[in-house]
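Report on one structure; see the data block that follows.
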Amino acid sequence: KKFLLAMDSEPAHSEVEGAAMCEPCAEPACAPPEPAAAATCAPGEDSAGEDGDSQDEAPAAAQDDRSAELDYTRREHEFTSEIYKIRVDGLSTYMSVGELKKLLAQLELKPVKVKKANFWSYAFVTFRDEAAKAAALLKLDGYEHRKGTLAAAPAAALRDPYHLAKRKNAGGQEKSKRARRDGGGAAPTGTPEEMLNDKVTPLWRMPYDEQLATKKTELCNSLQKISRQLTGEFATPTMKAQIAANSGLPCPVDDVIASPIRDGYRNKCEFAVGQGPNGEDKVVGFVYGAYTEGTVAVGSPAACVHVPAAAKRICALFQDFMRQSPLPAYDRVTHLGTWRQLTVRNNSAQDTMLAVVIIHGQGLSDADIDGIAADLGRFFTSARESEPTLPLQSLLLQVDSSVSGVSTETPPRIVFGQDWFTETVLGINLRVSANAFFQVNTRATERLIDQIKEWVRADLVRRALALTPESADGAAGRVLRDRHAGPLHGCGCRKGCWRRAVCRGDRGCQEERRSQCHCQCCVRRQEGRGLPAQLHADPAGRRGRRRHRRSPARRPASHGRCSNPPLQPDEAPGVRVVQH
């Protein structure tokens, strides 16, 4: 039986979690907007600039404003390959980026970036220096490829979307499609606190019942797009009948399940650092808008309904510490500065909190970083002594020198405490590390898992299938594994094994329970296409190919599959969980 369940994991937000904990999308409340990229990244993507339309002649009064849009190409402290960009015309509209890279490799060209969208007959390629650019123009211009002749010519650099949006806003020009979609088409109104809430929790003004109805409407609109794709050239009679039976939807959709907690529910908040809306220096909070909308101002989260009170207090303490420091805040426009971000995580009981201070490492020696860590430790240790109710148990410092966004691959150093905390989900203890993915609303996650267990008890789900792409923690599978006696089947999209994440997330996992978890790690998309058909043909999950039953010692390390024994056909049916 095909169905879809939507869980409201973030009240006052415009998104819902569908079918067992989708990973929440990045939004201003979770992460600050990515700044203009330098190094090997362009400051933004503007189709008009790529086509050359934005390079028209401008009046003399507007020349100064437009010159700021290319300031990033003249900076001495960072490199951008946009100044060595060419445009290649005459390509096949069906040519992929990978095929174009192979062609460039055959011509012994080493590009920095290659940009080509579907159905484009042209592409943009950037290089490391002027010599590489000149060599590419010489080899590509007039080159015969697929019964056609390529044409190559220099291309103008992209304009900085921040300054471009500021100029458009000042001139009253029409805003971009993304700005109108995100609510930037109308002029912001209200107090700074209300304007910030409109960005981080767009539905906060609505009654909660209307929020749920709005989310279901948006979800159905997205499913209707899928229905239109399913009823195309490759549609089967079964698909068409199912869509017709569900009023144009590919599956039945129940009402969105309400969250049991609506205020202060987020267990992870990423606070940006920057200037306030009135020019205040070193403000910690959320950004008022996207970089592409010409906004980098940061507002305090004191009035945000979804942030826990303890997280707000830690945010305020860090702001006081930062203002006492002589080091500047990180500037998203110029990419200069030190203080970059504060991440606060907590458990559902809000009695254990972990904070990660992220700084930019430019111009800092190891001794300087050690001094920053020592100052942070002294300040927050004193704060904990003066405020015994402050639940800050761990403080970490992470140095990240990337330009576009904050990387979670750099391991943080421990100032005090430890780099993980314990969260309890339906009686199961899970260890959550500082950079781990975890559901932002634990209580809503528990209600969602309870609903799945009800389906299992009612025999609505007959086959043991759990698809968990991009789920590194395996919290849902771990809890279901302990609450249900049947087997679990996992299909992960990372080399980190799904079975290991689910079964070994808690050290109390029993060895006999691990044997009932079957995993196929689909590092490549093609590897997982046959798994649903295999399970449909054999509910026990056994495979007919002998090479899948080889011992672990005979398998190559890069094979990407676990050494679980095949499940027996008499085992009880498990659960069917779909995460996407």
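The values are calculated or read from the model by the stated rules, or taken from the named source; none is laboratory data. Being a predicted model, the structure only gives us computed values, none of them experimental. Here the Cβ is made from the backbone with ideal geometry for all residues, glycine too, and neighbour counts use every protein chain on show. Remember, those area values only see protein heavy atoms, side chains included, never the ligands or the DNA or RNA. Shrake-Rupley method; radii C 1.70, N 1.55, O 1.52, S 1.80 Å.
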#### Entry: Unique match (being hydroxyl-bearing (Ser, Thr, Tyr) and within 22 Å of the chain's Cα centre (by Cα)) among Ser407, Ser382
Ser407
### Task
Please tell me if Ile359 is open to solvent by less than 10 Å² (accessible area, probe 1.4 Å), within 28 Å of Asp419 (Cα to Cα) and touching a residue at least 12 places away in the same chain (Cβ under 8 Å).
yes
### Message
Condition (residue is modelled with pLDDT of 55 or more, loosely packed, with under 14 Cβ neighbours inside 10 Å, outside any loop (DSSP other than H, G, I, E, B) and of a type in the set (S, T, N, Q)) applied to the stretch 75-96: is it met by at least one residue?
### Response
no
## Note on the structure
Counted residues in the stretch 121-152 being free of Cβ contacts under 8 Å to residues at least 40 places away in the same chain, within 14 Å of Leu91 (Cβ to Cβ) and surrounded by 15 or more Cβ atoms within 10 Å (Cβ to Cβ) come to 4
### Query
Of the residues Val415, Val425, Val440, which is buried (at least 19 other Cβ atoms within 10 Å of the Cβ) and in contact with a Cys (Cβ under 8 Å, 6 or more places away or on another chain)?
Val440
## Note on the structure
Flagged in the stretch 94-150 as in contact with a Cys (Cβ under 8 Å, 6 or more places away or on another chain) and farther than 24 Å from Thr73 by Cβ, in numbering order, are none
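Every residue, every condition in (1) touching a helix residue (DSSP H, G or I) at 6+ places or on another chain (Cβ under 7 Å); (2) more than 13 Å from His13 (Cα to Cα); (3) in contact (Cβ under 8 Å) with a residue 40 or more places away in the chain, yes or no:
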site	(1), (2), (3)
Glu193	yes, yes, yes
Asp198	no, no, no
Glu210	no, no, no
Lys215	no, no, yes
Pro237	no, yes, no
Lys240	no, yes, no
### Query
Any idea which of Gly232, Gly248, Gly185 is in contact with an Asp or Glu (Cβ under 9 Å, 6 or more places away or on another chain), modelled with pLDDT under 90 and in a loop (DSSP other than H, G, I, E, B)?
Gly185
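Here is a yes/no grid of residues against (1) surrounded by fewer than 23 Cβ atoms within 10 Å (Cβ to Cβ); (2) at positive phi; (3) at pLDDT 90 or above:
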site: Pro260; (1), (2), (3): yes, no, yes
site: Gly264; (1), (2), (3): yes, yes, yes
site: Phe271; (1), (2), (3): no, no, yes
site: Asp281; (1), (2), (3): yes, no, yes
site: Val296; (1), (2), (3): yes, no, yes
### Message
Cβ-Cβ under 7 Å, sequence separation 6+ or interchain: first residue in the stretch 438-456 and farther than 26 Å from Cys269 by Cα, partner crowded, with 24+ Cβ neighbours inside 10 Å. Which pairs?
### Response
Ile452/Ala20; Ile452/Leu480; Ile452/Val575; Ile452/Val577; Val456/Val575
### Query
Does Gly190 qualify as being open to solvent by less than 40 Å² (accessible area, probe 1.4 Å), modelled with pLDDT under 90 and assigned to a loop (DSSP other than H, G, I, E, B)?
no
